[in-house]
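A short write-up of the structure that comes next.
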Amino acid sequence: MLAAEPLYLLVDTAVVGHLGAVPLGALGIGAALMALLTIVGTFVEYGTTARAARWFGAGREDVAIGEGVQASWLALGIGVAVVAAGEALAGPLTDLLGGGGAVSHAAESWFRIAVLGMPGVLLVLAGNGWMRGVQKTRDPVRIVLAANALSAVASPLLVYPGGLGLEGSAIANVVAQVVGGVLFLRALRRAAGSLRADGAIMRAQLVMGRDLIVRAAAFQVAFLSAAAVAARMGSAQIAAHQIGLQLWEFTALLLDSVAIAAQSLVGAALGGSDADGARRVAWQVARWGGWFGAAFAGLYGAGWWLVPRAFTTSPAVLHQAHLLWPWFVAMLPAAGVVFALDGVLIGAGDVAFLRTLTVIAAVLVFAPLNVAALHWHWGIGGVWAGLTAFILVRLAGMLARARGTRWVVVGV
């Protein structure tokens, strides 16, 4: 289910990639900015899952659904604020990342439209959060896949026969994101006894959200620096980076789907005072994550020539994509374990540890390697070597944490 949200940009990458290197590079810059703005809503998904699962495990489904009500109010408020901030800062931000010129100009045009969908994006995240917490897993899959299907159909129609080019993909996304948000609100209205806002619960969610936001901000510092470095290497490099990054994010969230059940099951087990059950789930999903990561590595390794051609026909972009491909493939088995344990610790509410580990891996390892790749002319492969190091540092930290008992805290 988590993989459905990045499908918006994965489809866009395939559609826009055939417009040329500049539109594809612009999409990479705009997508990086959208990811930056989305971090403020991270806790409405992951934090809500953890809190709702604890109440669900304690036999209080009504309170668990109430967490979803308050998370949705927060999503709406934050979404409106993000739209205002995004529109005000669109020009300076795209110039900062893109270094000015044609790529930056095109990125600004795309981003000003795309950011209008942020309230819908955050409502979808909140809906995913509370539904996972109460172990309703089928309805959110249907809603998000329906929204993505709408975007997948509308994007090529608006880009090509519609004559809107790059901007057409942004319009398709906004329409789909609004539809997804409305569908989750309808589901919440049917399930909840009351839709009244509760300041006390929202404040408690914000407290947990503080660490999740810092964690997500650390991610974006690293990934924005990677986009900025790739853009300064050339239009072919940023275009190839966009292809690799969207495939990586799509695959990461497919792998993370293993951990979605873990978030709910670990939270419910700890809420029901079953510490041994929580530990069993943790190691089971870690093994599954490793095997699934290895399977994806095999698939992408076999498709090193064919897969990039689904996104571009530019020889220069294809060459750069092939340079980053070995790093992309090699990191996936370790990434599978990382994403699985990430879900376990979020489900346990151990977000302060995740915050610290992510800051170390992203800000002190990944971001400096990005800068080094530009300074010493390592090329796009150097940027992706930094991403691999980011994964390995997190893997070491999470394995050490999971072996201990500090994350196993029972009760609501």
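In the set (1) modelled with pLDDT of 90 or more; (2) not in a helix (DSSP H, G or I), Lys136 fails one condition alone, (1).
The residues listed here are Arg186, Arg142, Arg190, Arg132; of these, the one that is within 20 Å of the chain's Cα centre (by Cα) and without any contact (Cβ under 8 Å) to a residue 24 or more places away in the chain is Arg142. Among the residues of segment 211-226, are any hydrophobic (A, V, I, L, M, F, W, C), touching a helix residue (DSSP H, G or I) at 6+ places or on another chain (Cβ under 7 Å), under 19 Å from Glu67 (Cβ atoms) and in contact (Cβ under 8 Å) with a residue 40 or more places away in the chain? Yes: segment 211-226 contains one or more residues that are hydrophobic (A, V, I, L, M, F, W, C), touching a helix residue (DSSP H, G or I) at 6+ places or on another chain (Cβ under 7 Å), under 19 Å from Glu67 (Cβ atoms) and in contact (Cβ under 8 Å) with a residue 40 or more places away in the chain.
Taking the numbered list (1) assigned to a helix (DSSP H, G or I); (2) over 20 Å from Ile346 (Cα atoms) in turn, Asp276 passes all entries but (2). Scanning segment 158-171 for residues that are closer than 15 Å to Met34 by Cα and aliphatic (A, V, I, L, M) returns Ala170, Ile171.
Yes/no matrix, rows are residues, columns are (1) closer than 29 Å to Leu364 by Cα; (2) among the polar types (S, T, N, Q); (3) touching a strand residue (DSSP E or B) at 6+ places or on another chain (Cβ under 7 Å):
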residue: Arg196; (1), (2), (3): no, no, no
residue: Ile201; (1), (2), (3): no, no, no
residue: Arg210; (1), (2), (3): yes, no, no
residue: Leu224; (1), (2), (3): yes, no, no
residue: Gln246; (1), (2), (3): yes, yes, no
residue: Gly267; (1), (2), (3): no, no, no
residue: Gly271; (1), (2), (3): no, no, no
residue: Gly303; (1), (2), (3): no, no, no
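Counting residues in segment 20-30 that are β-branched (Val, Ile, Thr) and at pLDDT 80 or above gives one or more. Of the candidates Ala330, Ala297, Ala352, Ala367, the single residue that is surrounded by fewer than 24 Cβ atoms within 10 Å (Cβ to Cβ), under 30 Å from Val22 (Cα atoms), under 22 Å from the mean Cα position of the chain (by Cα) and modelled with pLDDT under 95 is Ala367.
Scanning segment 18-35 for residues that are within 16 Å of the chain's Cα centre (by Cα) and surrounded by fewer than 24 Cβ atoms within 10 Å (Cβ to Cβ) returns Met34, Ala35. Taking helices (runs of 4 or more DSSP H) as the structural unit, those lying wholly within segment 293-412 and holding at least 3 residues that are farther than 29 Å from Arg54 by Cα and not hydrophobic (A, V, I, L, M, F, W, C) correspond to 315-347, 367-375, 380-403. Across segment 85-133, the number of residues qualifying as in a helix (DSSP H, G or I) and either at positive phi or hydroxyl-bearing (Ser, Thr, Tyr) (or both) comes to 3.
Here's the yes/no breakdown for (1) small (Gly, Ala, Ser); (2) buried (at least 23 other Cβ atoms within 10 Å of the Cβ); (3) in contact with a Cys (Cβ under 9 Å, 6 or more places away or on another chain):
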{"position": "Gly165", "(1), (2), (3)": "yes, no, no"}
{"position": "Val174", "(1), (2), (3)": "no, no, no"}
{"position": "Gly180", "(1), (2), (3)": "yes, yes, no"}
{"position": "Ile213", "(1), (2), (3)": "no, no, no"}
{"position": "Gln220", "(1), (2), (3)": "no, no, no"}
{"position": "Ala228", "(1), (2), (3)": "yes, no, no"}
{"position": "Met233", "(1), (2), (3)": "no, no, no"}
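Would segment 165-178 turn up any residue that is of a type outside the set (Lys, Arg), within 17 Å of the chain's Cα centre (by Cα) and within 18 Å of Ala71 (Cβ to Cβ)? Yes, segment 165-178 has at least one match.
Test Arg112 against the stated conditions and say whether it is basic (Lys, Arg), in contact with a helix residue (DSSP H, G or I) (Cβ under 9 Å, 6 or more places away or on another chain) and surrounded by fewer than 24 Cβ atoms within 10 Å (Cβ to Cβ). Yes; evaluated as a whole, the condition is true for this residue.
The values are calculated or read from the model by the stated rules, or taken from the named source; none is laboratory data. This is a predicted model, so every value here is computed, not measured. In this analysis, Cβ positions are derived from the backbone assuming ideal geometry, glycine residues included, and neighbour counts consider all displayed protein chains.
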